[in-house]
1. So in the range 108-121, with the set limited to residues that are under 18 Å from VAL37 (Cβ atoms) and touching a residue at least 60 places away in the same chain (Cβ under 8 Å), which one is surrounded by the most Cβ atoms within 10 Å (Cβ to Cβ)?
2. Taking LEU161, is it outside the structural domain of ILE48 (by TED's automatic domain parsing), surrounded by 23 or more Cβ atoms within 10 Å (Cβ to Cβ) and outside any loop (DSSP other than H, G, I, E, B)?
3. State which residue is modelled with the highest pLDDT when the search covers only the range 213-244 and only residues that are closer than 14 Å to LYS201 by Cβ and polar (S, T, N, Q).
4. Within the set of pairs 6 or more residues apart or between chains, which connect a residue that is assigned by TED's automatic domain parsing to the domain that holds MET84 inside the range 45-60 to a residue that is among the hydroxyl-bearing types (Ser, Thr, Tyr) with Cβ atoms less than 6 Å apart?
5. Given the range 41-134, what strands (runs of 3 or more DSSP E) lie entirely inside it while holding 2 or more residues that are modelled with pLDDT of 85 or more?
6. State whether the residues of the range 191-213 include one that is assigned to a helix (DSSP H, G or I) and under 21 Å from GLU45 (Cβ atoms).
7. Just checking, how many residues over the range 263-313 are more than 20 Å from GLU182 (Cα to Cα) and among the hydroxyl-bearing types (Ser, Thr, Tyr)?
8. Can you tell me which residues in the range 295-312 are more than 22 Å from the chain's Cα centre (by Cα), closer than 14 Å to LEU275 by Cβ and of a type outside the set (Gly, Ala, Ser)?
Amino acid sequence: MKRRIGFLSLILLSIVGLLVGCGSKAVSTEEEGKWKVATSLYPFEYFIKEIGKEHVQVTNVIPLGVEPHDFELTAKDVAKLHEMDLFVYQSAGFESIEKVASLLQAEKLVDVSKGIPLLHGEAHHHEHEEHGKTGHEEVDPHIWLDPQLAKKQAAHIRDALMKLDAKNSQDYEKNYNELAAELDRLDQEYQQMVEKAQQKKFVTSHAAFGYLAKRYQLEQIPVSGLSPSSEPSPQAVKEIIETMRKHQLKYILFETLVSGKVAETIQNEVKAETLIMNPLEGLTQAEIQKNEDYFSVMRKNKENLAKALGVQP
C-alpha cells in the first residue's frame, strides 16, 4: 500500500513548518553534539554514517523493507524534515521525494544526483500499450550501483557536511577518503570479475542495473521497466525468452524488495535458475540482522552476477 498525502496539504504543512522555524536558529543539535541528517535512501544513509561518524545522527525517511518506488511521505514525515539540519536525497527518478524536497529550505538540501549524467530506460505500462505505445522514457535512479558514481554521490555528502560543520571538516575529508578508497577497491573487484566473463548479457527482473552495466560494458536485459511494479508486454516477454535461448542464458537475477511474477513465468518457460541481485534501494530486516551493508551486498551482487555471466569459480 502506498502512503499518500496531497501535494496541497504538503505545501500548507510546509508553510506552517517555516513559520514555526522563523526567528529561531536552525536545529544544530549542539546540545547533543550531533547534526541531524535525514536521507531518502539506504545508500545515502550508509555514506553519511561513514563520512559523518560520531558527528551525525541519521534518519532514513523510508521504513525498513519498503520499496522506495511505492513510498510517499506523510504529513508527519514532512514535519520532521523541517527539524533536520540536512536532507540528503536524489531528485533523479523519485518524483515524490523531489516534491517533498521542494518544500524545504534550499540550504538544507543535498541532491546527490547533481552533476551526474543520468541514464534513461523504457518503462512498460499497460495504459501506454492500450494507446498503441510501447512505453515511455523514465530516469534510471540507481546511480549508486556504479562504485565510481557512488563516489561522486559521497563527495556531495562530504561537501555538505564540511559546509555545515567547518570545524570538523578534516574528519569529514579523512572519512570520505577512506570510503572512496573502498569504493575504488570494489570497482577493481568488479572489473577483474568481468574480465573473466564468458558472455556480457544478464537478465534481471527489473531494469535497476543500467549504471552498473554501463560501467563494466555489460548488457542488461530487464523483464520489467524501471518501476518494479511495471509489466512488460507479451511481445517483450517473448523476445526475452528468445534472447535467453539464443545466448543460452541460464539465470534470471531477482531482487529482494519486489516479487516478479512475469520473471517467474519466463524462468519456468526457459527452465532458468534464479539468483538475487539487490539494487540496494533499502535493506530488509533480515539483512540488517546479519549486519549487511552497502559493500557486503555489492560483493554478493558481484558473486551472483559472476555466475550469470559464466565466470568460473
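The values are calculated or read from the model by the stated rules, or taken from the named source; none is laboratory data. Quick caveat: nothing in here was measured; it's all calculated off a predicted structure. Note that each Cβ is placed from the backbone with ideal geometry, even for glycine, and that neighbours are counted across all protein chains shown.
1. Going residue by residue through the range 108-121, those that are under 18 Å from VAL37 (Cβ atoms) are 108-114.
When the remaining residues are screened for being touching a residue at least 60 places away in the same chain (Cβ under 8 Å), the result is 108, 112.
Numbers: LYS108: 20, VAL112: 29.
Step by step, filter the range 108-121, then rank; the result is VAL112.
2. Values: outside the structural domain of ILE48 (by TED's automatic domain parsing): no; surrounded by 23 or more Cβ atoms within 10 Å (Cβ to Cβ): yes; outside any loop (DSSP other than H, G, I, E, B): yes.
When the stated conditions are applied, LEU161 does not pass them.
3. Among those residues, the one meeting the criterion is GLN217.
4. Close Cβ pairs satisfying both conditions: GLU45/THR39; TYR46/TYR294; ILE51/TYR172; ILE51/TYR176; ASN60/THR39.
5. Numbers: elements: 56-60, 86-89, 109-111, 120-123.
Of the strands (runs of 3 or more DSSP E) lying wholly inside the range 41-134, those with at least 2 residues that are modelled with pLDDT of 85 or more span 56-60, 86-89, 109-111.
6. As a first pass, look at the range 191-213 and keep what is assigned to a helix (DSSP H, G or I): 191-195, 210-213.
Keeping just the survivors that are under 21 Å from GLU45 (Cβ atoms) gives 211-212.
Within the range 191-213 (the criterion being assigned to a helix (DSSP H, G or I) and under 21 Å from GLU45 (Cβ atoms)), the answer is yes, since at least one residue qualifies.
7. 3
8. Hits for the range 295-312 are LYS307, LEU309, VAL311.
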